[in-house]
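The values are calculated or read from the model by the stated rules, or taken from the named source; none is laboratory data. Bear in mind that the values here come from a model prediction, so they are computed numbers and not experimental data. Note: ideal-geometry Cβ built from the backbone for every residue, glycine included; neighbour counts use all protein chains shown. Heads up: the accessible areas ignore ligands, DNA and RNA and are worked out on the full protein's heavy atoms, side chains in. Shrake-Rupley method; radii C 1.70, N 1.55, O 1.52, S 1.80 Å.
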Amino acid sequence: MAILSQTEAQGILKKVLSFSKADECEATLNGQTGGNVRSARNAISTSGGIDNVALTVESRFGKRSGVATCNQFDDATLRNCVQRAEEIARLAPESPEYMPLLGPQKYLTSPNSFAKSTADITPDYRATQVGASMKLCDEKKLTSAAFLNDSAGFVAKRNSKGLEAYQQVSGLEFSITVRTPDGTGSGYATADYNDASKFDARRLTQIAADKAAGSRNAQALEPGKYTVILEPAALVANTDASLLAALMGALDARNADEGRSFLSKKGGGNRKGEKLFDERVTIYSDPMNAEIAGLGFSGDGRPQQKMTWIEKGVVKNLYTSRYWAQKAGIPDIPRPGGWIMEGGTQSTADLIKGTQRGILVTRLWYIRPVDPQTLLYTGLTRDGTFYIENGKIKHPVKNFRFNESPIIMLNNLEAIGKPVRVGGNLVPPLKIRDFTFTSLSDAV
């Protein structure tokens, strides 16, 4: 039942609204089917599955609102769910930031946001992919830990003001860490797709295995400022914080206007329109992009459009809530889903060839904020850090702790490579000068 058709989903939502006695009512259905496999030490450790459709009802009386949920759809359960939402709304305090529900909207819907290949994944498919990964590690006498997760589903929304939305989505993500038997070498690889037909666990495992084998017997370098090549997985992670995700998360108009952001201007207002980054930095979002196609609407029903956030180093747009857009008299732009950083044509290997001396970073982790107003972050390298000399990887190096801000980083650009998909975004490898490493780490 997890993937309802548009007719089926809207039929349930129409019934929900027919039970409403509130001033305003909005109902949302989320359906998901999928599964996961986790491996450790070259053996399956856990597996799981999900098959569920959940309904969320928001009822409003004036500026008071209440929310209730259920996952059964007979008339009695639907009616009870609506009544619970209304009871909660009557008890709730008035919202000082109340905004009326949206009326009818027009949405972009990409045919690439959903792939049948992903929806058709079976437990056998997961076992085969992870089995091929583990077999490669067994053959090379390496140890792996991996996680494969896939899902397919839909989102449907309808409200009493006439808004109606529906879209199907799918996705698969895989990450793997490979270690040498003595524990001195470690490698990592990750990838994600809407379309599972593009996925090859063995290929990704080979990348991680090569890094693991090549990172044995790492040598210590003195901490300091170095030219670095940051692979896409070091810039954006499927989990944990990341430097570019921190930057995108900071493009919030309210935080900037209220003085809590690197985009805040002394005396009030924000720095939209100012050139804050290297002129080669352009970042935009587009729900119709074939590689990272996403939902055509935000959680509150606003349409997602192609939007430029940074253009040639200039901050062009900031996202905001509907309330703050109205209060501040600024464009009403929702936060994006995935985003694209424009790049060139060079691969990571090409960037290495063009580097006299530097450090290749596979991955950053345990990233934590130091100063939100300058976007200064600290964290550690891991799973493959290498010294580059005369265009070649010379030897592995011990991991570092770094202190760096994506603002400074994107002003110290040496080169931008070809974007690849990571974490639902398109991100190029970056060559950065004067990246700050503050101390060594014994972790691998």
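A few points about this structure:
- Residue count for the stretch 55-107, restricted to those that are part of a loop (DSSP other than H, G, I, E, B) and either touching a Gly at 6+ places or on another chain (Cβ under 9 Å) or at negative phi (or both): 21
- Restricted to the stretch 215-241, and to residues there that are within 15 Å of residue 381 (Cβ to Cβ) and in contact with a His (Cβ under 9 Å, 6 or more places away or on another chain), the residue that is surrounded by the fewest Cβ atoms within 10 Å (Cβ to Cβ) is 219.
- Residue match in the stretch 144-157 (condition: among the charged types (D, E, K, R) and in contact with a Pro (Cβ under 9 Å, 6 or more places away or on another chain)): no
- A single entry from 381, 436, 362, 345 fulfils the requirement of being surrounded by fewer than 22 Cβ atoms within 10 Å (Cβ to Cβ) and closer than 27 Å to residue 184 by Cβ: 436.
- Consider the stretch 11-43 and keep the residues that are open to solvent by less than 10 Å² (accessible area, probe 1.4 Å) and in a helix (DSSP H, G or I). The one that is farthest from residue 158 (Cα to Cα) is 16.
- Residue within the stretch 141-153 that is out of contact with any strand residue (DSSP E or B) (no Cβ under 9 Å at 6 or more places or on another chain), open to solvent by 20 Å² or more (accessible area, probe 1.4 Å), in contact (Cβ under 8 Å) with a residue 12 or more places away in the chain and not in a helix (DSSP H, G or I) present: yes
- The residue pairs whose first member lies in the stretch 186-197 and is over 13 Å from residue 171 (Cβ atoms) and free of Cβ contacts under 8 Å to residues at least 60 places away in the same chain, whose second member is assigned to a strand (DSSP E or B) and among the small types (Gly, Ala, Ser), and whose beta carbons are closer than 8 Å, counting only pairs six or more residues apart or on different chains, are 189/175.
- Residue ID - surrounded by the most Cβ atoms within 10 Å (Cβ to Cβ), chosen from residues in the stretch 1-10 that are free of Cβ contacts under 8 Å to residues at least 12 places away in the same chain and assigned to a helix (DSSP H, G or I): 8
- When the residues of the stretch 35-73 are filtered to those that are without any contact (Cβ under 8 Å) to a residue 24 or more places away in the chain and among the polar types (S, T, N, Q), the one that is farthest from residue 6 (Cα to Cα) is 45.
- Subset of the stretch 288-298 [in contact with a Pro (Cβ under 8 Å, 6 or more places away or on another chain) and either assigned to a loop (DSSP other than H, G, I, E, B) or free of Cβ contacts under 8 Å to residues at least 60 places away in the same chain (or both)]: 293, 294, 295, 296, 298
- Residue among 71, 80 that is within 30 Å of residue 121 (Cβ to Cβ) and open to solvent by 30 Å² or more (accessible area, probe 1.4 Å): 71
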